[in-house]
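**Student:** What follows is a single structure, and I will ask about it in a moment.
The values are calculated or read from the model by the stated rules, or taken from the named source; none is laboratory data. This is a predicted model, so every value here is computed, not measured. In this analysis, Cβ positions are derived from the backbone assuming ideal geometry, glycine residues included, and neighbour counts consider all displayed protein chains. Ligands, DNA and RNA are excluded from the accessible area calculation, which covers all protein heavy atoms including side chains. Shrake-Rupley method; radii C 1.70, N 1.55, O 1.52, S 1.80 Å.
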Amino acid sequence: MAVSYAQIKEYLSDSEDLKAQSLILPNAAACTILYLESMANLEIIQSFIIQPLLETPYHNIEQFAAATGAQKSSDLELIGHSLLDGYCVIRLENHENVYMISAAQSYGRSIDEPMAEQIIKGSHEGFVESLSTNLYLLRYRIKSPQFKVRYFTIGTLTNTKVAMVYMEKLADPNIVMECENRLKSINLTQLYSTGEIDEMLEEHPLSPFPQSLNTERTDRAVSYLMEGKINILVDGSATVLVLPITFFSFYQSPDDYNSRWIIGSFYRLVRMISFILAISLPAIYIAIVSYHSEVLPPGILYSVKVSLTYVPFPPIVEAIAMQVILELLKEAAIRLPSPISQTIGIVGGLVIGTAVVEAHLVSHTMIVVIGLTAIASFAAPLNEFGTSLRILGFPTMFAAALFGFFGISVMMMVIFIHLCKIETLGVPYFAPFGPFHGKDSMKDIFLRLPVWKSQKNAQLPGPYKQSFTQRWKRH
C-alpha cells in the first residue's frame, strides 16, 4: 500500500514547511510533489523535476526516474529522512512506491585559510561545513583508487552524516576495523561537531593530552592520510579528526615541509624545546626562589631578590595569579571582535602588567617568566595542545613550591610515564620512544628529513646522485 500524504505529514510533526503540489500528467494521471521548502532548491524542482514530469506519459515514469537518478521506496521512515535531506518526493496515484529525487539546497561559505592554523608558505585552503565539499578537497589532492570513504549516520535526532576516510593499502586494516566498530557503537541523540566524536573515541578521557588531532587544513589532513592514518569528517563541521595520532605529530607543521629541510628542522627543534619550557619554566622559577637560590650567579640573584623585597605573596601565588590573568586576557581576546581584541591583548596586558609590578603585587622577574611561558605554549602549531601544556604547568608549580627541583623532577617523570602509557586506537601515544622502535622509526621526529631521504623510492636528479663527500673530493 502506498504511503499517503497524511502519513508523511504526521511523520514530520505536521511541519508547515512541508509543501505539496498536485499535478496532472499526460494520460490524465495524477501525482503529488512533496518537498521541504527549507531544505530543497525550488529552482531545481521547477526546472528539472516538474517541467520534465509534465511532458512524461504515465507509462514512461520508470524511464524518467532512471534518467534523474530517482530512488524508489515505500518505507515511511526512509521517505521522511529523504525529505529532511532535501529530496523531492513524487507520489503517483495508485502506485505502491514513491520516487525520491535529490534537490537539496546548498548554502556554504567560500574555501578560505583557517584562522587558527595559518602558515607562511604552502596551501591556503581550509575545510568548510559541507561534507561533500570537504571530501572533494581531499579527493582533489589524492587522485588514487586507494582513497576509500565509509559513511555512518550518528544521532537519533540529528541523523548527522559522518565519513571515515583512509588509504586502503596504507592504513593498518586492524586500526581501520577498530575505528569502524567504535563509530558504529556510538549512541548519541545529537551530533554537531567532531568534538563529540573525539570524546566518544578517546581511550583516556582523564588525560590532559589530546588523543586525536583536529585540523581545518586540507594539506595537513592529506599528509596524515598518506601516512596511513584515518580522517573522520562530520557534516556541518569544518574540523577533521585524525586518528591514530602520536605526541610528536602535534609539533609538526606544514611549514616544515614547505621550507628547506634545514629551516624546517630548526623550527621543529624550537617547538620541542617550547614543550619543556611551557610546563616547567614557572616551576623552575618558584623552586629557585624558594629553595635553590644558590644556583643563580650573584648578579642575577641580587636582581631577583630586590624585585621580591616588597612583594607580600609567595612565588606560587604570584605564578598562579599571573597564569589566570593570562588565560582571562586570552579568552577576552578570542570572544571580542577583532579590532577590540587587539586592544585588549596589547593595551590590557601592558596596563595590567605595569600596574601589578608598580603595586608590588608581582615581581618583575615573574612577569618575564610568565610571558616566556605563554610564548612557549603558543609555539605549538595546534592551540588545543598549547592549552594542555598550560594546564600541566599548575601541578608542576605546586610540586616545585613543595619540594623544589625534586618535585619538578617527579612531576616530569609522571608526565613522561603517562605519555608512554596511553594509546590511541591501540597505537602508543609516545611512539617511537614509548616503546622504542629502533632508529628507522626515528625519522621525521626531531628533524625534518630531506624529501629524497624521507619518501620511498625518491631519487635525486642525475648530477646530484653523488654523495656530498664525493663531490667535495672531486673539487
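**Student:** With a 1.4 Å probe and all protein chains left in place, how much of the accessible area of the chain comes from carbon and sulfur atoms, in whole percent?
**Tutor:** Here carbon and sulfur together make up 60 percent of the probe-accessible area.
**Student:** Could you put Ile50, Ile346, Ile276 in order of accessible surface area, largest first, with the 1.4 Å probe and the full protein assembly present?
**Tutor:** Numbers: Ile50 5, Ile346 110, Ile276 70 Å².
The ranking, largest first, comes out as Ile346, Ile276, Ile50.
**Student:** Would you mind checking the tilt of helix 131-141 against the longest principal axis of the Cα atoms of the chain, expressed as 0 to 90 degrees and rounded to 10?
**Tutor:** 70
**Student:** Same structure again: Using a ≥ b ≥ c from the Cα gyration tensor of region 263-357 (square roots of the eigenvalues), is it rounded, prolate or oblate, where a/c under 1.5 gives rounded and otherwise the larger of a/b and b/c decides, a/b for prolate?
**Tutor:** oblate
**Student:** If you don't mind, there's one more thing I want to ask. To the nearest 10 square angstrom, how much accessible area does Ile111 have with a 1.4 angstrom probe?
**Tutor:** 70
**Student:** Does anyone have the angle between helix 383-403 and the longest principal axis of the chain? Alpha-carbon axes, 0 to 90°, nearest 10?
**Tutor:** That helix lies at roughly 30 degrees to the long axis.
**Student:** With 5 Å bins from zero, work out the P(r) of region 161-210 over every alpha carbon pair and list the percent per bin.
**Tutor:** Pairs per bin, as whole percents: 4, 16, 26, 22, 20, 9, 2.
**Student:** Next question. Hey, can you find the accessible area per residue of region 115-260 for me, probe 1.4 Å, expressed in square angstrom?
**Tutor:** That works out to 45 Å² per residue.
**Student:** With +1 on each Lys and Arg Cβ and -1 on each Asp and Glu Cβ, and nothing else charged, work out how big the dipole of region 257-424 is about its Cα centre, in Debye to the nearest 20. Please list the in-between numbers first.
**Tutor:** Numbers: 8 positive and 7 negative charges, 79 e Å.
It comes to approximately 380 debye.
**Student:** So how exposed is Val289, as accessible area in Å² (1.4 Å probe, rounded to 10)?
**Tutor:** Around 30 Å² of this residue is reachable by solvent.
**Student:** In addition: For the chain, give the magnitude of the charge dipole about the Cα centre (Cβ charges: +1 Lys/Arg, -1 Asp/Glu; no others), in debye to the nearest 20.
**Tutor:** Rounded to the nearest 20 debye, it is 2640 debye.
**Student:** Run the dipole for region 157-199 about the Cα centre, Lys and Arg Cβ at +1, Asp and Glu Cβ at -1, nothing else charged, and hand back the magnitude in debye, nearest 20.
**Tutor:** That gives a dipole near 180 debye.
**Student:** Let me ask another. At a threshold of 8 angstrom on Cα-Cα distance, excluding pairs fewer than six apart, so keeping six or more, what relative contact order does region 257-424 reach in percent?
**Tutor:** Normalised by residue count, the contact order of region 257-424 is 39 percent.
**Student:** What is the packing order of peptides 268-275, 316-323, taking the mean over residues of other C-beta atoms within 10 Å and listing the highest first?
**Tutor:** 316-323, 268-275
**Student:** Another question, if that's okay. Rg(Cα) of region 398-453 divided by 2.2 N^0.38 Å?
**Tutor:** In units of the 2.2 N^0.38 Å rule of thumb, it is 1.55.
**Student:** Still on this model: Enumerate the lysines that Lys453 could reach by cross-link, defined here as Cα to Cα under 18 Å, with residues fewer than 8 away along the same chain left out.
**Tutor:** Candidates past the 8-residue exclusion: Lys439, Lys443, Lys465.
**Student:** Let a ≥ b ≥ c be the square roots of the eigenvalues of the Cα gyration tensor of region 320-439; is it rounded (a/c under 1.5), or, if not, prolate (a/b larger than b/c) or oblate?
**Tutor:** Values: a/c = 3.27, a/b = 1.60, b/c = 2.05.
Because a/c hits 1.5 or more and a/b fails to exceed b/c, region 320-439 counts as oblate.
**Student:** Grab the DSSP H runs of the chain that are 4 residues or longer, score each as -39,500 (n - 2.57), total them, divide by all residues and round the 222 nm result to the nearest 500 deg cm²/dmol.
**Tutor:** -14000 deg cm²/dmol
**Student:** As an exercise, identify the trypsin sites (Lys or Arg not before Pro) in region 72-174 lying in DSSP coil whose Cβ has no more than 16 other Cβ atoms within 10 Å. Don't skip to the answer; put the middle values down first.
**Tutor:** Working: sites: Lys72, Arg91, Arg109, Lys121, Arg139, Arg141, Lys143, Lys148, Arg150, Lys161, Lys169; in loops: Arg109, Lys121, Lys143, Lys169.
Sparse-neighbourhood loop trypsin sites (Lys or Arg not before Pro): Arg109, Lys121, Lys143, Lys169.
**Student:** Counting alpha carbon pairs within less than 8 Å and at least 6 residues apart, what relative contact order, in whole percent, applies to the chain?
**Tutor:** Result for the chain is 13 percent.
**Student:** When the convex hull of the Cα atoms of the chain is projected onto a plane and the area is averaged over all directions, what value comes out in nm²?
**Tutor:** Mean orientational projected area (the chain, Cα hull): 32.8 nm².
**Student:** Let me make sure I get this right: for region 1-76, a, b and c are the square roots of the gyration tensor eigenvalues over alpha carbons, sorted descending. Under 1.5 in a/c it's rounded, otherwise prolate if a/b > b/c, else oblate. Which is it?
**Tutor:** On the way: a/c = 1.77, a/b = 1.41, b/c = 1.26.
Verdict is prolate for region 1-76.
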